[in-house]
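Pasting in a structure now, in structure tokens, and then I'll have a few things to ask.
The values are calculated or read from the model by the stated rules, or taken from the named source; none is laboratory data. In this text the structure is predicted, and so the values were computed from the model without any measurement. Every residue, glycine as well, gets a Cβ built from its backbone with ideal geometry; the counts of neighbours run over all protein chains shown. Side chains are part of the model used for accessible areas, which takes the heavy atoms of the whole protein and leaves out ligands, DNA and RNA. Shrake-Rupley method; radii C 1.70, N 1.55, O 1.52, S 1.80 Å.
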Amino acid sequence: MVIQMYLIGSFTSQEEVSVKRFSSTLREGNVTHHEYIQVGKGRDVGLNQISMFEAKIANGNGEQTLSRDIYRLGHRFDFFRMLSCYFTTVGFYFSTLVTVLTVYVFLYGRLYLVLSGLEQELSQEPAIRDNKPLQVALASQSFVQIGFLMALPMLMEIGLERGFRTALSEFILMQLQLAPVFFTFSLGTKTHYYGRTLLHGGAKYRPTGRGFVVFHAKFAENYRLYSRSHFVKGIEMMILLIVYQICGHTYRSTVAYVLITASLWFMVGTWLFAPFLFNPSGFEWQKIVDDWTDWNKWINNRGGIGVPSEKSWESWWEEEQEHLQYSGKRGIIAEILLALRFFIYQYGLVYHLHVTRKTKSFLVYGASWLVIVLILFVMKTVSVGRRKFSASYQLVFRLIKGLIFLTFVSILVILVTLAHMTIQDIIVCIFIFMPTGWGMLL
């Protein structure tokens, strides 16, 4: 007995526990042992697979937002449970939607200030022009918009767990890996599909695939995935920023413009070019030529019964607008009201042309609509003529197109020489017609 106690006393703590377990087992006792293994599910994915997955989750959260379950939970939760519900389910997607809507309100508000002349009047006020605290606030605002404050919680969490030097090195590594580009692009995906589900419903399963992801995605595929969610919105923001600079460059400094719009230009560049930046061999010349050929074949192929969206632009367009067929009256009215912003933008911009700057008559706005209708009529006539007469009357059709081109050039020369139309006016006219045509399509 003494020898046994001596041997047990000389063991380490782990060995002591093992001897006690063995002794308990000899006395017909039970010793339980628990082990926990953390297992994670993962697979290699590319940008397109991630975007389709996030679109599926955003659609689901949109349906949850409209459900009675969230309504009842919101009425019966206390404050802290409500915070947990907000940050782990629908609240995150609602906050991303509000973030992007705030960008739109900011851009259109700035455009209203510059087109109405209010910004110029305010900039000439001595109390505002020499206001140093306001300039400091604008400078600090630009850093906040870049997202530095959004990164502080991440830095604090990693710093407390692994040290602040590791946190700083990981933050720099994330910037080199273009993490802000990816998450800004992901913001647009969540906002588009969550907002569309709130207006029209229509959540559905989106297959993401399990294939090998290190391959080059064609331009037509990227166009189908991101046209309505990123490309159209990015081009709209780009036009607004360019018009804001053109109409206010005479009285605004370049530094002020950069401080106000730097983060917005970053969002525009991300939404327009991130799919090509994260695409393997995205800038290889031969791949670009092949993508252009494939896109032309897809855009010119007519749709029909049984033609999938991967083969025809027409089938893809009908599939993209399918949610409007099952939408309610509220969703249709909201969609129409949102599309009216393009016509209000056109109304404000027409009076800033060098030709029409001296008059404020409503006839100028009516004349702009007359020009738009005339251009659409000519384009539709050429499109119909190409399908019906290009094969039988090829020479006559080419002569008609040549006459239309010469007429357009003649009108442009007359406006430049007699009405003193400038190159800036031509650029602004293009920026007027493009959003107005898109608003008519919507």
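Scan segment 106-118 and tell me whether some residue there is over 30 Å from F278 (Cα atoms) and part of a loop (DSSP other than H, G, I, E, B).
For segment 106-118, residues over 30 Å from F278 (Cα atoms) and part of a loop (DSSP other than H, G, I, E, B): present.
Select from segment 71-108 the residues that are closer than 20 Å to S229 by Cβ and of a type in the set (G, A, S) and list them in ascending order.
S95
Let me ask something additional. Give I423, I432 a once-over and let me know the one that is open to solvent by 80 Å² or more (accessible area, probe 1.4 Å), within 19 Å of I242 (Cα to Cα) and of a type in the set (A, V, I, L, M, F, W, C).
Within the list I423, I432, the selection yields I423.
Name the residues in segment 59-91 that are open to solvent by less than 60 Å² (accessible area, probe 1.4 Å), over 27 Å from P207 (Cα atoms) and of a type in the set (S, T, N, Q), would you?
Listed by number, the list is empty, since nothing qualifies.
Here's a check for you: in segment 309-345, which residue that is over 20 Å from G201 (Cβ atoms) and in a loop (DSSP other than H, G, I, E, B) is most open to solvent (accessible area, probe 1.4 Å)?
Among those residues, the one meeting the criterion is K311.
Sticking with this structure for a sec: Counting only residues that are open to solvent by less than 40 Å² (accessible area, probe 1.4 Å) and not β-branched (V, I, T), how many does segment 208-227 have?
Of the residues in segment 208-227, 7 are open to solvent by less than 40 Å² (accessible area, probe 1.4 Å) and not β-branched (V, I, T).
Taking segment 250-269 on its own, how many of its residues are in a helix (DSSP H, G or I) and open to solvent by 40 Å² or more (accessible area, probe 1.4 Å)?
Of the residues in that region, 7 qualify.
Also, I was wondering about something else. Assess whether F94 counts as being over 30 Å from A217 (Cβ atoms) and exposed (fewer than 15 other Cβ atoms within 10 Å of the Cβ).
no
Looking only at segment 81-131, which residues are acidic (D, E) and touching a residue at least 60 places away in the same chain (Cβ under 8 Å)?
E119, the sole residue that qualifies.
If you go through segment 324-376, how many residues are closer than 22 Å to V114 by Cα and in contact with a helix residue (DSSP H, G or I) (Cβ under 8 Å, 6 or more places away or on another chain)?
The number of residues fulfilling the criteria is 20.
Go over the candidates F377, F389, F408 one by one and state the one that is outside the structural domain of G109 (by the TED database), open to solvent by 80 Å² or more (accessible area, probe 1.4 Å) and modelled with pLDDT under 80.
None of the other options fit; the residue is F389.
Residue-by-condition table, conditions (1) within 18 Å of F53 (Cβ to Cβ); (2) exposed (fewer than 14 other Cβ atoms within 10 Å of the Cβ); (3) free of Cβ contacts under 8 Å to residues at least 12 places away in the same chain:
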{"residue": "A151", "(1), (2), (3)": "no, no, no"}
{"residue": "G163", "(1), (2), (3)": "no, yes, yes"}
{"residue": "R196", "(1), (2), (3)": "yes, no, no"}
{"residue": "K204", "(1), (2), (3)": "yes, yes, no"}
{"residue": "G248", "(1), (2), (3)": "no, no, no"}
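Residue under question is E170, and the condition is that it be acidic (D, E), modelled with pLDDT of 75 or more and closer than 30 Å to E319 by Cβ; does it hold?
When the stated conditions are applied, E170 does not pass them.
If you go through segment 278-308 one residue at a time, how many are open to solvent by 80 Å² or more (accessible area, probe 1.4 Å) and not charged (D, E, K, R)?
Total meeting the criteria: 7.
Quick one: what pairs do we get from segment 371-387, first residue under 15 Å from L399 (Cα atoms) and basic (K, R), second open to solvent by less than 70 Å² (accessible area, probe 1.4 Å) and assigned to a helix (DSSP H, G or I), C-beta under 8 Å, 6+ apart or different chains?
Sorted first by the residue in segment 371-387, then by its partner, the pairs are R386/F397.
Of the conditions (1) of a type in the set (A, V, I, L, M); (2) modelled with pLDDT under 80; (3) surrounded by fewer than 15 Cβ atoms within 10 Å (Cβ to Cβ), V355 satisfies every one except a single condition; which number is it?
Unmet condition: (3).
So L399 clears everything in (1) over 22 Å from Y112 (Cβ atoms); (2) at pLDDT 80 or above; (3) open to solvent by 60 Å² or more (accessible area, probe 1.4 Å); (4) in contact with a helix residue (DSSP H, G or I) (Cβ under 9 Å, 6 or more places away or on another chain) except one condition, right? Which one?
So L399 meets the others, but not (4).
Could you please let me know if W292 is within 30 Å of H249 (Cα to Cα) and out of contact with any Leu (no Cβ under 7 Å at 6 or more places or on another chain)?
Here the answer is no, as W292 does not meet what is asked.
Looking at the structure I just gave you, is S51 assigned to a helix (DSSP H, G or I) and more than 28 Å from F278 (Cβ to Cβ)?
no
Which helices (runs of 4 or more DSSP H) sit wholly inside segment 149-228 and have at least 1 residues that are over 21 Å from A58 (Cβ atoms)?
Where helices (runs of 4 or more DSSP H) fall fully within segment 149-228 and carry at least 1 residues being over 21 Å from A58 (Cβ atoms), they are 164-176, 219-226.
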